[in-house]
Structures are given as structure tokens and as C-alpha cells.
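Participant: Got a structure here, written out as C-alpha cells. Questions coming.
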Amino acid sequence: MSTPPQTDHPASRAHRSHTIRCISRPPRGYGRGHDWWTRCSGGVGGPRRTTEAVDDDVGVATASEQNGGMVQRVTVAENADGTLALAGELDAYATETVERALGALSASADAAVDVSGVTFVDSAVLRVLVRQSERLVSQGGRLRLVRPSPALRRLIELSGLRSAFTLDAGASGDEDRDG
Amino acid sequence: MNDATSGARGAVGDEARLDTGGALVELVVPARPRFLATVRLVAASVASDLGFSVDDLDELRIAIDEALTLLMAAQPPGATVRLTFTAEPQLDGVAGRLRIEGAPADASASPAAPAVDALVTHILDAVTDGFEIGADGFALVKKAAHAPG
């Protein structure tokens, strides 16, 4: 009988259910005024580091889902290519986090967000996505949702909001947008 | 039906209300969004035991989340939300029925009516087999067919 592997995930060491995952570099598009710099980098210009801070106000991640020993709910992170990645359960509790993460994206011509790790999403977050997409479009850019998960695709289709989003299948380069 | 809103795929009539049997599971949580995930998890577990398919479970989670989010937003501070989950055998499967009600901490504090918009109504209509929205809460019906064979 094997011994279960030990996990060193901070969320498994404490009952505190709100954590914000800080990553070693700010996601692309996060300007110097973004919270990331004060919460995760030791201040603007501070040393880069990888850490996990606890913050009840932000509420980025909560202990709600067991996944391979990892307890997490929502993460805002950065892919290797610098793309902002949203993952986890995106419900009304996550709207502020999602709004903040997307709101920090500058209106470049193409703001991509990897949403392949979204395991749940509801209409509250869908509204945020629509709002932020409209903001970027109004500023001459667009919000591109890369590799949308089945959960996200399903709610977008169910809600009849397919035309509001630019969906990108990912590596194949396929892109589809109605309307 | 006074101020209630019903789903187009089948209104929750008298025969479908949640007072037709004993409660299978009751769950009370604070009326705060951070508990949405907990409720989804419990409801999905109960429905899984009833034989719901993966797709049915996904739709149930969406329905509960949408209803709870609206109901929680309408509650005064300190309120709780009570979910009552019952199940009824059907000829071809089982019908899970949920009653979701707000309970203010102070009985004199009246919750606001849930602010239901077209998007939520559209989603609930797509993922349930019937729903009813009243001033005091929600009733949802989700049916699951027996597995073939």
C-alpha cells in the first residue's frame, strides 16, 4: 500500500481559503500600476519571486475543488509565452478577480487570454468577459479567448452570446467569430 | 401565477413542487458567493448518486449557480440560503427537484426580489426541465433518464 504523496501546496497547509497566486513575472499587459507589482513583486521594481500571498479581499482562489491533491478555485497566471491565463471555477465570487485581471490588459490590437483551464463559468463572469471585450474593442483592440474549455464554450453557446467573443482554438491557429 | 417566472420547457406545476416528499438532502449556507462552489459540489454529488449523466450534472451545476447567485444578491446581510433537494422516480428516470430559499437573520428584514434578467432566464430555460422564480426563492427541476441497457 503506497503512501499518498505529500503536497507542498500552500492551500493544503492551511484552512484559509483565499489565496492569490503570484507568478514570477507580471502577465503581459499588466502595467506598473497593476496590483501585481505590489502584491507579488515586492513593490514596483522589486525582486522577482514566486510566492503565494493570502488576501481575503482579493479572493483569487478558494478551497472548493480537490484536484490531484491540489486545492484551488481560481488562478490568474502567466503562460510560458506571456499570455494571461484564467483557470478554475469562475463564478460570482470570482468576478472581481476576473474583472481586475482583464481590466489591466492594455488595449493592444490583440489581447489574448488562455481560458483552457476554466472548469466552470456562470453568467456573472460571462458579463465581465463581454464588458471587457467591449472595452478593448472600443479602444481599437480585441479580446481573444484562447483554447476555450468545454465549460466555457458550452455556456457561451447556451447563452446565445457566441457573436460577442473571438474564440481561438489555439495551436492550430483556427479562429472563429460570428457576427 | 402572480409574480413568478416559469421556464418555457415546462412550468413547475403543482405536481412538480418540492413538497411532494421528504427531503433527500438539506443544505444551509451563508448567503455569500464564496459558498457557491460548495453548494455546486454537494448538489452534483447528490445528483450523481441519483444516476445523472455528466452532461446532466454540468447543467444542474449551472442552474443551481445561476439561481443561487441571484438569490444571494437579494438577501440582507447575515442571511442564509436553504436548499432542499428531493428526488422522484419517473417511468424513464428520475427527477431531481430543488427548492432554494433565502432566510434573513433578522425576520423583520425583507429580502429584495431576485433581479432576474433575460440572460439568466435564457440559461435556466436551457439547462433545466422547469423552473419557477418567486419572491421567496427558486424551484428547479432537472430530470435524468435511466441509462440505456
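Participant: B:Leu91 to B:Thr38: FRET efficiency via 1/(1 + (r/R0)^6), r the Cβ-Cβ distance, R0 25 Å, to the nearest 0.05?
Facilitator: That pair, B:Leu91 with B:Thr38, gives E of 0.15.
Participant: Which order results if B:Ile133, A:Ile156 are arranged by neighbouring Cβ count within 10 Å, fewest first?
Facilitator: A:Ile156, B:Ile133
Participant: Can you list residues whose amide H is under 5 Å from B:Asp129's amide H, if they're 5+ apart or on another chain and H is modeled 1.01 Å from N?
Facilitator: Those lying under 5 Å, H to H, from B:Asp129 are B:Val141, B:Lys142, B:Lys143.
Participant: What list do you get for A:Glu99, B:Glu66 if you sort them by fewest beta carbons within 10 Å? Each step should come with its number before you reach the end.
Facilitator: Working: A:Glu99 16, B:Glu66 27.
So the residues, fewest neighbours to most, are A:Glu99, B:Glu66.
Participant: Would you please give the residues with an amide H less than 5 Å from that of A:Val118, counting only those at least 5 places away or on a separate chain, with H modeled from the backbone geometry?
Facilitator: A:Gly88, A:Ser149
Participant: So, one more: Listing A:Ser123, A:Ser138 from the residue with the fewest other Cβ atoms within 10 Å to the one with the most, what is the order?
Facilitator: A:Ser138, A:Ser123
Participant: Using the beta-carbon distance between A:Ser138 and B:Ala23 and R0 = 56 Å, what value does 1/(1 + (r/R0)^6) give for FRET efficiency, to the nearest 0.05?
Facilitator: Given R0 = 56 Å and the Cβ-Cβ separation, E is 0.70.
Participant: Further question: Which of B:Ala135, B:Leu124, B:Phe35 sits closest to the plus end of the dipole of segment B:25-149, meaning its Cα is farthest towards the positive end, when Lys and Arg get +1 and Asp and Glu get -1 on the C-beta?
Facilitator: B:Phe35
Participant: Could you derive backbone 3J(HN,Hα) for segment B:47-63 from the dihedral phi with the Karplus parameters 6.51, -1.76 and 1.60 (θ = phi - 60°), listing whole Hz in sequence and x where the residue is Gly or Pro?
Facilitator: Karplus values, whole Hz, x for Gly and Pro: 5, 4, 4, 7, x, 5, 6, 4, 5, 4, 5, 4, 5, 5, 4, 5, 4.
Every read-out reported here was derived from the displayed coordinates using simple, explicitly stated rules and does not represent laboratory data. Nothing here was measured: the structure is a model prediction, and the numbers come from that model. Glycine also receives a Cβ, built like all others from the backbone with ideal geometry; neighbour counts cover every protein chain displayed.
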